[in-house]
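A short write-up of the structure that comes next.
The values are calculated or read from the model by the stated rules, or taken from the named source; none is laboratory data. Being a predicted model, the structure only gives us computed values, none of them experimental. Neighbour counts run over all protein chains shown; Cβ positions are idealised from the backbone, glycine included.
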Amino acid sequence: MFVVERGTLIVNSLLEWHKKNRRVFPWRKERDPYIIFIAEFLLQRTPAERVALFLPKFLEEFPSPEKLANAEPTYLERLCHSMRLKKSMLWLIKSMKIVCQKYNSKIPETFEELVHLPGVGEYTASAILCFGFGRDIPIIDTNVVRVYTRLFGLSKSKITGNTAIKEVARMLLPKNQAKIYNEAILDFASLICMKIPHCERCPLNALCSFFH
């Protein structure tokens, strides 16, 4: 009930906060599903700031699924050495081979197809669908779980597949604004509702169970 009653206030407050505090990353200006795929794949294990520096170089080397599918693993590993993503790079090559062979070099557009690609989990699949294909789908990682558990006094379980968390995320997601809302809550989790939160400057503290 608390979610229903306060949902609009929370969403509006987050979106208003985000107008002044939005983080700027190169992939956020993109709509190409391939670029979004690569960015989200890298973001699984690497801080956003490092991905922002690395992504342009990577895309210059591998501008298409075909180029990446045919990449030499050892060369790709050397290129990504500083990112410490050796195992992930092998998954990435395997994923692009499947994309080229099974999907005519197009990133698949369904959740079920995406999560069956090597190295792609529920969060990454959801992010690709939202940011790459404009789908109204919530994005839930451990940071978003932290925000929702604090806001609504839910279980402190860190399992992102938690049913209660999924239901909250679905209820709050504003129609036709999924991209900007998902960006907003991800930025909010990184800048305000951190492991040690900045409650004193949080725009949602009056609505938050954790603060009270």
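Does S105 count as at pLDDT 95 or above, in the same structural domain as L42 (by TED's automatic domain parsing) and part of a helix (DSSP H, G or I)? Explain how you work it out, then say what you get.
Numbers: at pLDDT 95 or above: yes; in the same structural domain as L42 (by TED's automatic domain parsing): yes; part of a helix (DSSP H, G or I): no.
In short, no.
Is one or more of the residues making up region 93-110 among the β-branched types (V, I, T) and surrounded by 22 or more Cβ atoms within 10 Å (Cβ to Cβ)?
The first filter runs over region 93-110 and keeps only residues among the β-branched types (V, I, T), leaving 93, 98-99, 107, 110.
Those left that are additionally surrounded by 22 or more Cβ atoms within 10 Å (Cβ to Cβ): 99, 107.
Yes: region 93-110 contains one or more residues that are among the β-branched types (V, I, T) and surrounded by 22 or more Cβ atoms within 10 Å (Cβ to Cβ).
Condition check ((1) under 24 Å from L172 (Cα atoms); (2) at pLDDT below 95; (3) among the small types (G, A, S)) across all residues:
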residue	(1), (2), (3)
E5	yes, yes, no
E16	yes, no, no
K19	yes, no, no
R23	yes, no, no
D32	no, no, no
F37	no, no, no
Item to check | Those residues of region 56-77 which are assigned to a loop (DSSP other than H, G, I, E, B) and either of a type outside the set (G, A, S) or over 19 Å from K102 (Cα atoms) (or both), in sequence order | outcome: F62, P63, N70, E72
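Take T124 and decide whether it is in a helix (DSSP H, G or I), of a type in the set (V, I, T), under 15 Å from the mean Cα position of the chain (by Cα) and over 20 Å from H18 (Cβ atoms).
On the way: in a helix (DSSP H, G or I): yes; of a type in the set (V, I, T): yes; under 15 Å from the mean Cα position of the chain (by Cα): yes; over 20 Å from H18 (Cβ atoms): yes.
Against the criterion (in a helix (DSSP H, G or I), of a type in the set (V, I, T), under 15 Å from the mean Cα position of the chain (by Cα) and over 20 Å from H18 (Cβ atoms)), T124 qualifies.
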Checklist entry - What about E183, is it among the acidic types (D, E), in the same structural domain as L43 (by TED's automatic domain parsing), surrounded by fewer than 22 Cβ atoms within 10 Å (Cβ to Cβ) and within 17 Å of the chain's Cα centre (by Cα)? => result no
Item to check | Selection from region 22-35 of residues that are part of a helix (DSSP H, G or I) and surrounded by 14 or more Cβ atoms within 10 Å (Cβ to Cβ) | outcome: P26, W27, R28, P33, Y34, I35
Item to check | Qualifying residues in region 43-70 (those that are surrounded by fewer than 18 Cβ atoms within 10 Å (Cβ to Cβ) and over 19 Å from the mean Cα position of the chain (by Cα)) - the one nearest to L186 (Cα to Cα) | outcome: K57
Item to check | Matching option when the condition is assigned by TED's automatic domain parsing to the domain that holds I38, at pLDDT below 95 and farther than 19 Å from F210 by Cβ, among G161, G121 | outcome: G121
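For region 163-178: of the residues being surrounded by fewer than 18 Cβ atoms within 10 Å (Cβ to Cβ) and in contact with a helix residue (DSSP H, G or I) (Cβ under 7 Å, 6 or more places away or on another chain), which is nearest to S13 (Cα to Cα)?
In the first step, residues of region 163-178 are kept if they are surrounded by fewer than 18 Cβ atoms within 10 Å (Cβ to Cβ); the result is 163-164, 166-167, 170-171, 174-177.
Now drop any that are not in contact with a helix residue (DSSP H, G or I) (Cβ under 7 Å, 6 or more places away or on another chain), which leaves 171, 174.
Details: M171: 16, P174: 13 Å.
Residue satisfying both the conditions and the ranking: P174.
Does region 134-149 hold any residues that are in a loop (DSSP other than H, G, I, E, B) and either surrounded by fewer than 18 Cβ atoms within 10 Å (Cβ to Cβ) or touching a residue at least 60 places away in the same chain (Cβ under 8 Å) (or both), and which are they?
First pass over region 134-149, keeping only residues in a loop (DSSP other than H, G, I, E, B): 134-141.
Across region 134-149, the qualifying residues are G134, R135, D136.
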Next on the checklist: surrounded by 14 or more Cβ atoms within 10 Å (Cβ to Cβ), at pLDDT below 95, among the polar types (S, T, N, Q) and part of a helix (DSSP H, G or I): is that true of S82 in this structure?
Outcome noted: no
